[in-house]
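What follows is one structure encoded as structure tokens, with my remarks underneath.
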Amino acid sequence: MARIRKIEIENFRGIKALRWLPSQGVNCLIGAGDSGKSSILDAIDLCLGARRNLQITDADFHRLDVGHPINIKITVGELDDALKNIDTYGLYVRTFDSASGEVEDEPDKDGETVLTIQLAIESDLEPSWTLVSARAEAQGLTRNLNWGDRVRLAPTRIGNMADFHLSWRKGSVLNKLTDEEADASAALVKAARDARIAFGDDAQEKLGDTLTIVATTAKELGIPIGDDIKAMLDAHSVSFSGGTISLHDEDGIPLKGLGIGSTRLLIAGLQKKAAQEAAMILIDELEHGLEPHRIIRLIGSLGAKENPAPLQVFMTTHSPVALRELSGKQLYVTRRQAAQHDVIEVGDEDGIQGAIRTFPEAFLAPSIIVCEGASEVGLIRGLDQFRVGQELPSISAQGTALVDGGGASRIYDRNDAFVALGYRTAILRDDDLQPDPPKEAAFISAGGKVVAWGSGRALEDELFASLSEDGAMKLLARAVELHGDELIDAHIKSATNGAKSLIDVQAEPIISGLSTESREILGKAARTKRAGWFKTVTWMEDVARDIVGPDLEAATTEFQVRIADIFDWSGDAGE
């Protein structure tokens with residue numbers, strides 16, 4: 001079961017240069033739009049696919065520069081005996097060092113035996129596939145894989161036209177399941193309708209094993225096609241060929257009529273069954289056409305939870321559901337740099353797996369605001385909703401996700417994990433407990449953005465100190481609405497050692513105006529441990545949308561500047 005060990009791409013579409021050592025199993029590419037994810041899959045398909053011609057245009061060259069040829073090199077290991085045949089490929093056998101990622105021309109008993117297939121396209125747009133070998137080149141020799149070896153090595157591509165694989169066509173997964181061969185010759189002498197019926201009975205004998213595997217796989221994946229599926233001549237075909245024979249359900253309806261999601265799910269399951277022949281599969285936009293529970297089933301059918309992995313999978317996704325189901329070792333962030341592309345393994349260190357489970361959306365966004373806690377997340381969400389109502393752009397539309405940093409002691413550990421993966425990040429934190437000063441200084445010096453509330457203040461302190469008197473009293477009224485006046489009264493008395501009560505504070509605006517002292521008392525009472533007035537995302541989100549946002553113009557200048565800093569930073573993402 002051949003596996004890709006190394007991928008090298010030059011001057012292909014948006015990719016100037018890329019070097020990547022993929023894993024043995026699932027390789028799920030994530031990243032911002034136009035970061036090259038689909039181009040990587042296309043490069044693998046074009047280089048290893050069993051084809052003699054390509055539809056290439058100038059647009060496939062990096063920045064339309066046809067003066068620099070497209071060059072795609074794929075190094076393949078775990079070769080079967082045919083691919084290691086000395087008489088056939090002796091001059092082209094190479095050695096791969098997994099530790100360094102280097103490929104040497106001379107075979108080495110301590111390294112893995114590999115072949116490197118190269119696709120080169122010059123300005124004449126004519127593709128050239130060759131095996132890479134300095135030894136052969138020195139002798140003036142060139143060659144490609146035998147056609148039969150290319151067919152066996154070619155990865156299965158599951159795209160929008162996945163129903164290709166539901167017919168016995170060249171390269172389809174059905175031809176890889178068993179050694180059985182589809183033959184429509186006996187039906188050619190009859191009219192199309194009669195031929196379909198006549199061939200159906202004959203096919204049950206010739207393709208019985210394959211049909212059994214298909215029926216079993218569909219049942220395992222929950223795809224309702226019945227038990228008695230048939231191989232019949234395709235009713236949509238005009239001419240008869242190998243592709244004329246396709247799968248039908250128990251009522252004789254072509255399986256090509258399945259939805260896109262069901263088709264992709266079935267083909268993935270069949271590819272796993274056929275893995276002894278070809279063990280590589282390419283899927284762009286994994287979630288396309290699938291509900292969340294079927295995304296989970298598809299990932300399972302690809303062997304994502306199995307060790308060793310039955311398939312080497314290259315796929316892309318924008319689905320949080322998919323990220324939750326995969327480990328950090330199976331996720332790779334693509335990054336476009338000035339002169340090269342990077343493919344970075346997310347990994348599972350420093351609690352990153354927990355972040356994937358809890359905040360999968362963040363890994364799919366180009367920019368992230370790491371908030372000290374749930375209250376800050378709720379504040380920004382609520383203010384964002386208020387701004388949208390004022391016809392201002394949403395931070396989500398600008399590509400920014402919010403992450404709960406888990407408190408002052410953990411906020412930089414979580415932030416550092418995202419920074420290491422190349423994400424653009426900002427910190428929003430309280431100022432009552434200080435994070436590690438050297439970490440914050442290093443983050444700021446590297447261009448990171450930090451927004452902190454006023455000196456010594458937590459969020460609740462900031463809100464009661466900064467909003468107008470009307471805004472502060474509305475906050476207090478919301479707390480009473482949420483928790484009842486008895487609890488709020490008890491918290492105020494506790495914060496003042498009994499010197500003030502809820503009624504005292506409520507009376508102040510009528511008598512003399514809300515004092516600075518009472519604002520401080522309310523901030524302290526509001527953040528009572530384990531009983532905070534707004535200590536959930538939902539509570540603070542509602543407060544921000546209904547009270548803080550409408551009161552923002554009347555708030556202190558310092559508070560307005562801090563809020564503006566957050567949303568301005570988000571808006572700068574595309575600049």
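Things worth noting here:
- Scanning the range 132-177 for residues that are aliphatic (A, V, I, L, M), at pLDDT 85 or above and assigned to a helix (DSSP H, G or I) turns up A134, A136, A138, V151, L153.
- For the range 4-16, the set of residues classified as more than 19 Å from V313 (Cβ to Cβ), open to solvent by 30 Å² or more (accessible area, probe 1.4 Å) and assigned to a strand (DSSP E or B) consists of E8, E10, K16, listed by residue number.
- N71 at pLDDT 95 or above, surrounded by fewer than 20 Cβ atoms within 10 Å (Cβ to Cβ) and within 23 Å of A136 (Cα to Cα): yes
- Taken over the range 83-105, residues that are touching a residue at least 12 places away in the same chain (Cβ under 8 Å) and surrounded by fewer than 14 Cβ atoms within 10 Å (Cβ to Cβ) amount to 2.
- Subset of the range 447-462 (residues that are in a loop (DSSP other than H, G, I, E, B) and either within 20 Å of L383 (Cα to Cα) or over 28 Å from the mean Cα position of the chain (by Cα) (or both)): W453, G454, S455, G456, R457, A458
- The residue that is farthest from A309 (Cα to Cα), among those in the range 29-38 that are among the small types (G, A, S) and open to solvent by less than 20 Å² (accessible area, probe 1.4 Å), is S35.
- The set of residues in the range 134-149 being hydrophobic (A, V, I, L, M, F, W, C), surrounded by fewer than 14 Cβ atoms within 10 Å (Cβ to Cβ) and under 21 Å from L48 (Cβ atoms) consists of W147 alone.
- Of the strands (runs of 3 or more DSSP E) that lie entirely inside the range 357-446, those containing 1 or more residues that are modelled with pLDDT of 90 or more and open to solvent by 10 Å² or more (accessible area, probe 1.4 Å) span 400-404, 424-429.
- Exactly one residue out of A490, A465 is without any contact (Cβ under 8 Å) to a residue 12 or more places away in the chain, part of a helix (DSSP H, G or I) and open to solvent by 10 Å² or more (accessible area, probe 1.4 Å), and it is A490.
- Of the residues making up the range 38-85, those that are touching an Asp or Glu at 6+ places or on another chain (Cβ under 6 Å), assigned to a strand (DSSP E or B) and closer than 18 Å to E10 by Cβ are N71, K73.
- R457 falls short of the stated requirement of being in contact with a Phe, Trp or Tyr (Cβ under 9 Å, 6 or more places away or on another chain) and either open to solvent by 40 Å² or more (accessible area, probe 1.4 Å) or not hydrophobic (A, V, I, L, M, F, W, C) (or both).
- Test: residue in the range 431-441 that is in contact with a Pro (Cβ under 7 Å, 6 or more places away or on another chain), of a type outside the set (A, V, I, L, M) and touching a residue at least 12 places away in the same chain (Cβ under 8 Å): no
- Counted residues, the range 18-28 - those being open to solvent by less than 30 Å² (accessible area, probe 1.4 Å) and assigned to a strand (DSSP E or B): 5
- Flag for A339 being of a type in the set (G, A, S), in contact (Cβ under 8 Å) with a residue 24 or more places away in the chain, over 27 Å from D542 (Cβ atoms) and buried (at least 23 other Cβ atoms within 10 Å of the Cβ): no
- Any hit, the range 118-131, residues being in a helix (DSSP H, G or I), at pLDDT 90 or above and surrounded by fewer than 19 Cβ atoms within 10 Å (Cβ to Cβ): no
Rundown of residues vs (1) at negative phi; (2) of a type outside the set (S, T, Y); (3) surrounded by fewer than 21 Cβ atoms within 10 Å (Cβ to Cβ), yes/no style:
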| site | (1), (2), (3) |
| --- | --- |
| L286 | yes, yes, no |
| G303 | no, yes, no |
| P320 | yes, yes, yes |
| E349 | yes, yes, yes |
| Q353 | yes, yes, yes |
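- The lone criterion from (1) open to solvent by less than 30 Å² (accessible area, probe 1.4 Å); (2) closer than 19 Å to V151 by Cβ; (3) touching a strand residue (DSSP E or B) at 6+ places or on another chain (Cβ under 6 Å) left unmet by E78 is number (1).
The values are calculated or read from the model by the stated rules, or taken from the named source; none is laboratory data. Everything numeric in this text was worked out from a predicted model, so none of it was measured. Backbone-built Cβ (ideal geometry, glycine too); neighbour counts: all protein chains shown. The area values use the complete protein model at the heavy-atom level, side chains included, leaving out ligands, DNA and RNA. Shrake-Rupley method; radii C 1.70, N 1.55, O 1.52, S 1.80 Å.
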